[in-house]
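**Q** Would you mind keeping the following structure in view while I ask a few things?
The values are calculated or read from the model by the stated rules, or taken from the named source; none is laboratory data. Being a predicted model, the structure only gives us computed values, none of them experimental. So basically every Cβ, Gly included, is an ideal-geometry build from the backbone, and we count neighbours across all protein chains shown. Note: accessible area is taken over every heavy atom of the protein model, side chains too, but ligands, DNA and RNA are not part of it. Shrake-Rupley method; radii C 1.70, N 1.55, O 1.52, S 1.80 Å.
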Amino acid sequence: DTEVTQTPKHLVMGMTNKKSLKCEQHMGHRAMYWYKQKAKKPPELMFVYSYEKLSINESVPSRFSPECPNSSLLNLHLHALQPEDSALYLCASSQAGHLTSGANVLTFGAGSRLTVL
Amino acid sequence: GQSLEQPSEVTAVEGAIVQINCTYQTSGFYGLSWYQQHDGGAPTFLSYNALDGLEETGRFSSFLSRSDSYGYLLLQELQMKDSASYFCAAMTTDSWGKLQFGAGTQVVVTP
């Protein structure tokens, strides 16, 4: 299995809603990532988990809350979002381990397109 | 901090060769990766260079010169399906996991 699966594919939510994005991989990767991507822009790193522990938080607002329940799953909990948070949210995974070449090879999911009304 | 610069758009005809340059300014540079992203799709890994020189993968090749802080992606025998955005991305020795993407190059292939 060489895929990263993200659900849902599309999500529309109001500013007072609470929702979650889910990501799953079965490649044995021990690093998992959340990226945010706006149209015509590169992916922006939000969070990195390494061996199920949060290793990087790129000063993301607290209305985004990541969770890594186990080595295969990554969630992004959303609460009280703003319209400017509308974007494509990409999950990715890679081999872990400091400076291994595999850490540069990210496998991305198809993304969850979020619209905040 | 680190920055990666690449052209915003390149247009070429089917069968042609396109070179996408990427210059970087970063301390502790470790390696340069290239990703392809079609409209509405996910980024897909293409190639990675940690050492100077050329890496060839089918019609695509990637080159790195650490002394010049420069790399490029070469797309040969262009096909219509190669129309996509191409991102260079770098990782540094002091920020493992923090893959920094360039702004992306939109490649438009015309008949």
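**Q** When Cβ neighbours within 10 Å are restricted to other protein chains, what is their mean count per residue of peptide B:5-13? Numbers along the way, then the final one.
**A** Details: counts 0, 1, 0, 1, 0, 0, 0, 0, 0.
Partner-chain Cβ atoms within 10 Å, mean over residues of B:5-13: 0.
**Q** On to the next question. Could you provide, to the nearest whole Å², the per residue accessible area of chain B with probe 1.4 Å? Spell out each step's value before the answer.
**A** Working: 4960 Å² over 111 residues.
Accessible surface, normalised per residue, equals 45 Å².
**Q** Now for a different question. For chain B, what mean projected area does the convex hull of the alpha carbons give, in nm²?
**A** Values: hull surface 26.2 nm².
About 6.5 nm², averaged over all directions.
**Q** Given contacts defined as C-alpha pairs under 8 Å and at least six residues apart, what's the relative contact order of chain A, whole-number percent? All intermediate terms of the calculation are to be shown ahead of the outcome.
**A** Working: 295 pairs, mean separation 41.9, N = 117.
Relative contact order of chain A: 36 percent.
**Q** Please list, ordered by chain and number, the residues whose modelled amide H lies under 5 Å from the amide H of B:S83; skip anything fewer than 5 residues away on the same chain.
**A** B:V109
**Q** Quote the Stokes-Einstein diffusion coefficient, in whole µm² s⁻¹, for chain A, based on the Kirkwood radius over alpha carbon pairs, a temperature of 25 °C and a viscosity of 0.890 mPa s.
**A** Details: Rh = 14.2 Å.
Approximately 173 µm²/s, per Stokes-Einstein.
**Q** Wrap a convex hull around the Cα atoms of region A:8-72, take a quarter of its surface area, and give that in square nanometres. Don't skip to the answer; put the middle values down first.
**A** Details: hull surface 21.6 nm².
Seen from a random direction, the Cα hull of region A:8-72 projects 5.4 nm² on average.
**Q** Percent of accessible area on chain A owned by carbon and sulfur, 1.4 Å probe? Don't skip to the answer; put the middle values down first.
**A** Numbers: 2870 of 5590 Å².
Solvent-exposed carbon and sulfur of chain A make up 51 percent of the total.
**Q** Right, another one. Could you pull out every Cys in the protein assembly as shown that lacks a partner Cys with its beta carbon under 4.7 Å away?
**A** A:C68
**Q** Where a Cα-Cα gap under 14 Å defines reach, which aspartates and glutamates qualify for A:K36, not counting those fewer than 8 residues away within the same chain?
**A** Here the aspartates and glutamates satisfying the reach criterion relative to A:K36 are A:E44, A:E58, A:E84, A:D85.
**Q** Next up: Over chain A, with the other protein chains present, what is the accessible area per residue in square angstrom, probe 1.4 angstrom? Don't skip to the end; give the middle numbers.
**A** Numbers: 5590 Å² over 117 residues.
Ligands and nucleic acids excluded, the figure is 48 Å² per residue.
**Q** Could I ask something else about it? Please work out how much length the chain gains when fully extended from B:Q106 to B:D68, using 0.36 nm per residue of separation minus the C-alpha to C-alpha distance, in nm with one decimal. Walk me through the numbers on the way to the answer.
**A** Values: separation 38, 0.36 × 38 = 13.68 nm, distance 2.39 nm.
Gain in length upon complete extension: 11.3 nm.
**Q** At 1.4 Å probe size, with no ligands or nucleic acids counted, give the accessible surface of A:R63 in Å², nearest ten.
**A** 60 Å²
**Q** When only alpha-carbon atoms count, how far does region B:21-68 stretch along each of its three principal axes, as whole angstroms with the largest first?
**A** 35, 24, 16
**Q** Given N residues in the protein assembly as shown, what is Rg(Cα) / (2.2 N^0.38 Å)? Walk me through the numbers on the way to the answer.
**A** Details: Rg = 17.6 Å, N = 228, 2.2 N^0.38 = 17.3 Å.
It is 1.02.
**Q** Around B:G31, which amide H atoms from residues at least 5 apart in sequence, or from another chain, sit under 5 Å from its own amide H, with H modelled in the peptide plane?
**A** Here B:M91 satisfy the definition.
**Q** Which order, highest average first, do A:43-50, B:12-19 follow once you tally other Cβ atoms within 10 Å for each residue and take the mean per peptide? Could you put the intermediate results ahead of the total?
**A** Numbers: A:43-50: 21.8, B:12-19: 13.4.
Per-residue mean Cβ counts within 10 Å order the peptides as A:43-50, B:12-19.
**Q** Long-range amide H contacts for A:H26: which residues qualify at under 5 Å (H placed 1.01 Å from N, peptide plane, sequence gap of 5 or more or a different chain)?
**A** A:E3
**Q** Give the peptides B:74-87, B:97-110 in descending order of average Cβ contacts within 10 Å, highest first.
**A** Values: B:74-87: 17.1, B:97-110: 18.9.
Order by mean packing, descending: B:97-110, B:74-87.
**Q** Which of the residues in region A:30-66 lose at least 20 Å² of accessible area when you go from the chain alone to all protein chains together (probe 1.4 Å)?
**A** Buried by 20 Å² or more upon assembly, which counts only protein chains, are A:Y33, A:Y35, A:Q37, A:K40, A:P42, A:P43, A:L45, A:I56, A:E58.
**Q** Can you pull the mean other chain C-beta count within 10 Å for peptide B:29-41? Intermediate results must be reported in sequence, preceding the final value.
**A** Details: counts 0, 4, 4, 1, 5, 0, 5, 0, 5, 0, 2, 4, 4.
Taking all residues of B:29-41 together, the mean is 3.
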